[in-house]
1. Is there a residue in segment 103-118 that is under 21 Å from Leu209 (Cβ atoms), modelled with pLDDT of 95 or more and surrounded by fewer than 21 Cβ atoms within 10 Å (Cβ to Cβ)?
2. Out of Gly356, Gly333, which single residue is of a type outside the set (Phe, Trp, Tyr) and closer than 30 Å to Asp279 by Cβ?
3. Does Arg277 count as of a type in the set (D, E, K, R) and over 23 Å from Ile330 (Cα atoms)?
4. Hey, can you tell me all the residues within segment 127-181 that are basic (Lys, Arg) and farther than 19 Å from Val193 by Cα?
5. Filter segment 174-203 for residues that are touching an Asp or Glu at 6+ places or on another chain (Cβ under 9 Å) and under 15 Å from Ser247 (Cβ atoms) and give the result.
6. Which one of Glu316, Glu309 is in contact (Cβ under 8 Å) with a residue 24 or more places away in the chain, closer than 30 Å to Ala395 by Cα, buried (at least 16 other Cβ atoms within 10 Å of the Cβ) and not hydroxyl-bearing (Ser, Thr, Tyr)?
7. Taking Val270, is it at pLDDT 95 or above, within 21 Å of Tyr168 (Cβ to Cβ), of a type in the set (A, V, I, L, M) and in contact with a Phe, Trp or Tyr (Cβ under 9 Å, 6 or more places away or on another chain)?
8. Here is a check on your reading of the model: is Arg266 in contact with a strand residue (DSSP E or B) (Cβ under 8 Å, 6 or more places away or on another chain) and surrounded by fewer than 20 Cβ atoms within 10 Å (Cβ to Cβ)?
Amino acid sequence: MTIGFTEWSRRSFMGFLASSPLLHDLPAWMRRAVQDPVITSPGQAINVFDFERAAAARLPAAHFGYMATGVDDDATLRANREGFARLQLRARRLIDVSRVDTSVTLFGQRMETPIVIAPCGSQRAFHPSGELATAGAARARNHLMMLSSMTTTSVEEVTRARGAPIWYQLYPTTKWEVGRAMLRRAEAAGSPVVVLTVDLNAGSNRETLARAVLRDPRECASCHGGAPLDYFKRKPMFDGVDLTGASFDTPEMNWGIIPRIREATRAKVVVKGIVTREDATLCLEHGVDGVVVSNHGGRGEESGRSSIEALPEVVEAIGGRIPVLVDGGIRRGTDIVKALALGATAVGIGRPYLWGLGAFGQAGVERVLELLRAELITAMGHVGATSVASVTPSAISRPAR
């Protein structure tokens, strides 16, 4: 019999650790995690990590496992955080930073901060309002939002909730008619940019998710269906689309997909999942409008290489000709400054806003965005940057290993 990891068992385990003499042998951050209570409102959060514990306490084990998982041993997932730790900020003094402008411009659209809400599917698994809550937070805090193909709310509804155009992320499937239908629907809803995600074509082995499912006493098929395509038929972007013969495993996808997308939509094309100079150069050769340096938050390949470590070679290859975004492991304002210093135009966040969503819905997402922006302003001030453009490579150093 599978026993779920319930709220009672979580609290009991935390209580055991808190009273154990072993507590004193733990690192300081672990002691805080055990001793600090789980927050009960967004305003209690001191940083975005507080929402992770709150979401874990509220969500079913399998749903939180889906959010938290990497692949194989989760080495790339860990590397995404460790990559930022290997970079240091170079603090400057006696510079007037009383006014800090965090705005950036992407494809002619001004954004108040370089913090972009990255595409994440199935958000109603984390909160009943799902993508509508995220869009509401993006509207309230004025952030650019990317919407996943696997959204549990239609692009039309999300666009209305956001009150502004959103970017549409695309998994085209093996059946081009499916991808074309999604592109045309997104364009009709006002999406000016399509974000082609290319980092899952070889598949992924999500062991942490598989173990979380074993801890969840519910029957997954009751919601997700039994046949492989049942899961996707429940997603609104596939309404009215013939999925017969379609597969979301696309190992055969190649650069020929770019001209197909160009023919199907007038939207700009951004390729998400680029981590090498070779592929960055190919993006330029194929007329791509922008790239996102990403390893899918450690959910794609188990390379053990962080996206922040891949960023410099991609930036160098692109040479300022098109925008370069980066995501993966961004949890602090200092992380954002490091990414900007290495040449990123903007950064994407994923798990932090999902933690906020899972814990408190729209209010949680808003608080996550508020905390990151406040930390960004502080970090920019410490490196003497009064605008995003003035965050230069001189703002960071790489200590010798």
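The values are calculated or read from the model by the stated rules, or taken from the named source; none is laboratory data. All values reported here derive from a predicted model rather than from experimental measurement. Please note: Cβ atoms are built from the backbone with ideal geometry, for glycine as well, and neighbour counts cover all protein chains shown.
1. The answer is no, given that none of the residues of segment 103-118 is under 21 Å from Leu209 (Cβ atoms), modelled with pLDDT of 95 or more and surrounded by fewer than 21 Cβ atoms within 10 Å (Cβ to Cβ).
2. Going through Gly356, Gly333 in turn, the sole match is Gly333.
3. Details: of a type in the set (D, E, K, R): yes; over 23 Å from Ile330 (Cα atoms): no.
Answer is no for this residue.
4. Arg141, Lys175
5. Thr174, Lys175, Glu177, Val178, Leu200, Asn201, Ala202, Gly203
6. Working: Glu316 fails: buried (at least 16 other Cβ atoms within 10 Å of the Cβ).
On inspection, the qualifying residue turns out to be Glu309.
7. Working: at pLDDT 95 or above: yes; within 21 Å of Tyr168 (Cβ to Cβ): yes; of a type in the set (A, V, I, L, M): yes; in contact with a Phe, Trp or Tyr (Cβ under 9 Å, 6 or more places away or on another chain): yes.
Yes: the conditions hold for Val270.
8. So Arg266 fails the test.
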